[in-house]
Amino acid sequence: MIKVKNISKTYSGQVVLQLPDLEIPKAQRFGLVGNNGAGKTTLFSLILDLIEASSGEIAINEIDVKKSEDWKPLTAAFIDESYLIGYLTVEEYYYFLGNLRGVSKSEIDQWVQIFEPFFNGEILGQKKYLRDFSKGNQKKAGIVGTLIGKPELVVLDEPFANLDPTTQIRLKNLIREEAEKYGTTFLVSSHDLTHVTEVCNRIVLLEKGVIIKDIETTSETLKELESYFSN
Amino acid sequence: MNSFSVLDSLKFSKKKFFRAPQWELKLVVRILIGFLVLYFLAVFLFLGVGGYYILTKESPEKNPIFIINTLLGLYFFADLIVRYFFQSLPVTEVKPLLLLPIPKKEIIQIVLTRSLASFFNFIPIVVLLPFCIVFSVEKGFSFSVWTWFVAIICLSLSSNFWVYLINKSKQSAAVFFGTFVALYALEKFTPLSVLDLFAQGMNLIHEELYWVLIPLGLLYFSISISAKFLKKQLFLDKGLSKKREGVVGANLNFFDRWEGMGFLIKNDIRLIIRNIRARQVVLMGALFLFYGLFFFTQQQYLEQPTILVFSGLFITGGFMITFGQYVPAWDSEYYSFLMCQNVSYRKYLSSKLYLMMFSVLVCTIISFPYSFFGIDVMLIIWASGIFNFGFGSIITLYSGAFNSTPVKLNIKAKAFENTQNFSFVQMLFILPKLILPVLVFYLPYAFFGFNSGLAGLIFTGLLGLLFQKQLLNIIEKTYHKKKYQTLSSFNK
């Protein structure tokens, strides 16, 4: 699904990301962990072609993200609240996304009902703008928004932060189900080691822009990560 | 308790300014604005000094103060309206102070004192101080001039606080609105003239000193009522909360019929009606519709069609220019989101272009009442409209690509803040937007007459339409080239 070839990103002489080859196969739930400044968001921004790489290239489904825009129909992302349009209601935002991804209004109205338990009655039919939602509810709305039109690749930055415990558990199930049912590839970054080991089947640990560990998740993974971070 | 003074609060504001992204650019803009303000101050100073001599020369038998008094009522009314649109209290900056050991009384004092540093509060001082000095020198010193001066300052400062109340409390807004309606009704439908009464009151203050107690009392009352109101507002769920608005413009399904493009235009219309900043800018654009009244009403201009072309361009292109210069900055708050969505630059740009072209069409239709000033005026407006429709719109779109200062959508712009996106490149674009149309009118007009001038405008507009595709290609390339740069400055 994603091929990273020898990519690096430098800001005024300082290397913030330096990856040799990295391949993420389809339907993988790929977890990215690391302390602040490890380069997680930088990697996501490079994949989404929001910043320019200093060297190397990234391809989604063999499409070089820098040269063509054809990866956009396959991809959805929620990085932070700036991925919402603050002056729309949730429904209007979803219809907008539906327009972009070829899903009709009535299909969305029907589809969105599946997420009622995830929304906990706080999102739909609120008659208020997204900018007036709480941080947690904005996040819920944004995450579900990425699933509209069944994209092949979903990028989520810190999806568990700001969510209440119930929603965190529901989100984990949601990600697993979507990946299983539709073969969606998930890229998830998180500071919460428990959540990320539970939901992802592969974990990459970044530190100062370099890959330290690249492991397939087993029952030992959490311990391994915890021991790394406690040093 | 340690005290936290106005000075400390100013220091914080200073840091906020110098540590903001792109503060160097902002500093340059501030300096330019500074010059503009200095210019205005100089004009007002001249008005103050010269005002005395002009008034005494025009009507030597009258006391100039009495003449000014007849205008004061209107001045205060206009002052209040302008302040309403451009002035806001620096309340949001007090949030971090609430948890520190600073008495609320002091916080309130800080907020109220700092609100005095508004441009509008300086106007009467700058105009009237020199006037009063000249008056005292020419007519001999007397207390009465100065009590009159104090009275006006008191009234002006009172309106400084009223505006805050009107902005924040619906009740006060209703009271003020009701009062205005009542006063207007009195002025219009009864022999009583409110403005005259006001003028006589001001005369009285000038003649008998102790009347000055009334404006002084009014100021005291305004301050204390604002302080009291503010004290109740210093909670997160009251004055410090963001105002939640009801949803407007939910039914714009009409646009869905236009497949592939309609939803983008629908979104832009929601952007305009649901965000304070956008509404402000678009309102300015709408005011340009009245631009013609300055020129068409004066015979000397009616005989110079080249000047009229200017008005034609502004009348038909007001919205186009004010809205268009902020494309793509309007979408700056969620630009990264747009950049990874399945929408091509081409589609995005076309939707903005069509919206601008549509606005030109609407403005041209609305301007029909100008036909009152004759067929020539109407022809000029129509020709300018065609120019803006075909050529102006696409040039405006192009100019936006060079504007990478983000726009905060739901925050009111302060006076002069609309100049924050000022840049040299934007200045250069005035050439094709305003100078070029005047040239394509003037050159054929000078050699072959009025109709050829019109043809010049229309022809250029049609050329723009004809080559729209090619021009859009160029703009699209520029956007591609500037993508990362734009993203990084929007995300600051």
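Values in this text are rule-based calculations from the coordinates and carry no lab data. Only a predicted model underlies this, so the values are computations on that prediction, with no experimental measurement involved. No Cβ is skipped: glycine too gets one built from the backbone with ideal geometry, and neighbour counts run over all protein chains shown.
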In degrees, nearest 10, the alpha-carbon axis of helix A:165-182 is tilted away from the dominant principal axis of the alpha carbons of chain A by 80 degrees
For region A:142-231, the Debye formula with one identical point scatterer on each Cα and no solvent gives log10 I(q)/I(0) at q = 0.13 Å⁻¹ as -0.45
For the B:TYR75, B:MET261 Cβ pair and Förster radius 60 Å, calculated FRET efficiency rounded to 0.05 is 0.80
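From the P(r) of region B:314-468, could you give the percentage of C-alpha pairs in the tail past 21 Å? Intermediate values should be presented prior to the final figure.
Details: 6030 of 11935 pairs.
The share of Cα pairs beyond 21 Å in region B:314-468 comes to 51 percent.
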Expected sort for A:129-141, A:10-22, A:56-68 on mean C-beta neighbours within 10 Å, highest first, is A:129-141, A:56-68, A:10-22
Between A:GLU220 and B:LEU443, the two model label points (7 Å from Cα along the beta-carbon direction) sit apart by a distance in nm of 8.1 nm
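In terms of the Cα gyration tensor, with a ≥ b ≥ c the square roots of its eigenvalues, is region B:152-252 rounded because a/c is under 1.5, prolate because a/b exceeds b/c, or oblate? Provide the component values of the computation, followed by the final result.
Numbers: a/c = 3.96, a/b = 1.51, b/c = 2.62.
Oblate is the answer for region B:152-252, as a/c is 1.5 or above yet b/c matches or exceeds a/b.
Rounded, prolate or oblate: which fits region B:210-324, taking a ≥ b ≥ c as square roots of the Cα gyration tensor eigenvalues, rounded meaning a/c under 1.5, else prolate when a/b beats b/c? Don't skip to the end; give the middle numbers.
Working: a/c = 4.66, a/b = 1.25, b/c = 3.71.
Since a/c reaches 1.5 but b/c is at least a/b, the shape of region B:210-324 is classed as oblate.
What is chain B's relative contact order, in percent, from Cα pairs under 8 angstrom and six or more apart in sequence?
Numbers: 514 pairs, mean separation 69.4, N = 492.
Result for chain B is 14 percent.
Between B:VAL82 and B:LYS408, what FRET efficiency follows from the Cβ-Cβ distance if R0 is 25 Å, with the result rounded to 0.05? Could you put the intermediate results ahead of the total?
Numbers: r = 21 Å, r/R0 = 0.86.
My answer for the efficiency is 0.70.
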Expressed in nanometres to one decimal, the distance between label points 7 Å along Cα→Cβ at B:TRP146 and B:SER371 is 6.3 nm
Net charge near B:PHE295 (other residues with Cβ under 14 Å of its Cβ; Lys, Arg +1; Asp, Glu -1) is -2
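Which three semi-axes in whole Å describe the equivalent ellipsoid of region A:109-178, each the square root of 5 times a Cα gyration tensor eigenvalue, listed largest first? List each step's numbers first, then the result.
On the way: eigenvalues 62, 44, 30 Å².
Over the Cα atoms of region A:109-178, the semi-axes work out to 18, 15, 12 Å.
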For chain B, the longest principal axis of the Cα atoms and the Cα long axis of helix B:170-189 enclose an angle in degrees, to the nearest 10, of 80 degrees
Karplus ³J(HN,Hα) for region B:370-381 (6.51 cos²θ - 1.76 cosθ + 1.60, θ = phi - 60°; Hz, whole; x = Gly/Pro) runs 5, 4, 3, 8, x, 5, 5, 4, 5, 5, 5, 4
Simple SL model, points at 7 angstrom along Cα→Cβ for A:GLN14 and B:LEU197; separation in nm is 6.8 nm
Full extension between B:LEU38 and B:GLU138 adds, at 0.36 nm per residue less the Cα distance, a length in nm of 33.3 nm
In nanometres, the difference between 0.36 nm per residue of separation and the alpha-carbon distance of A:ASP132 and A:ILE169 is 10.8 nm
Residue-normalised 222 nm signal for chain B, counting each DSSP H run of n ≥ 4 as -39,500 (n - 2.57), nearest 500 deg cm²/dmol, is -23000 deg cm²/dmol
Ranking B:SER142, B:PHE450, B:VAL37 by how far each Cα lies towards the positive end of the charge dipole of the protein assembly as shown (+1 on Lys and Arg Cβ, -1 on Asp and Glu Cβ), the top one is B:SER142
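Averaging over all projection directions, find the projected area of the Cα convex hull of region B:6-240 and quote it in nm² with one decimal place. Can you show the working numbers first?
On the way: hull surface 62.8 nm².
The number I arrive at for region B:6-240 is 15.7 nm².
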Calculated from DSSP helices alone, with each H run of at least 4 adding -39500 (n - 2.57) and the total divided by the residues of chain A, [θ]222 nm to the nearest 500 comes to -9500 deg cm²/dmol
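How do the peptides B:434-446, B:254-266, B:169-181 rank, highest first, by the average count of neighbouring beta carbon atoms within 10 Å per residue? Walk me through the numbers before you get to the answer.
Details: B:434-446: 17.9, B:254-266: 14.8, B:169-181: 12.2.
Order by mean packing, descending: B:434-446, B:254-266, B:169-181.
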In order over region B:477-492: 3J(HN,Hα) from phi, Karplus 6.51/-1.76/1.60, θ = phi - 60°, whole Hz, x for each Gly or Pro, gives 4, 4, 4, 4, 5, 9, 3, 5, 4, 4, 4, 6, 7, 6, 7, 6
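When the Cα atoms of chain B are enclosed in a convex hull and the volume is divided per residue, what value in Å³ results? Don't jump to the answer; show the numbers that get you there.
Working: hull volume 99.1 nm³, N = 492.
Taking the convex hull of the Cα positions in chain B, it is 201 Å³ per residue.
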Stretched fully, the stretch from B:LEU129 through B:LYS481 gains (0.36 nm per residue minus C-alpha distance, one decimal, in nm) 121.3 nm
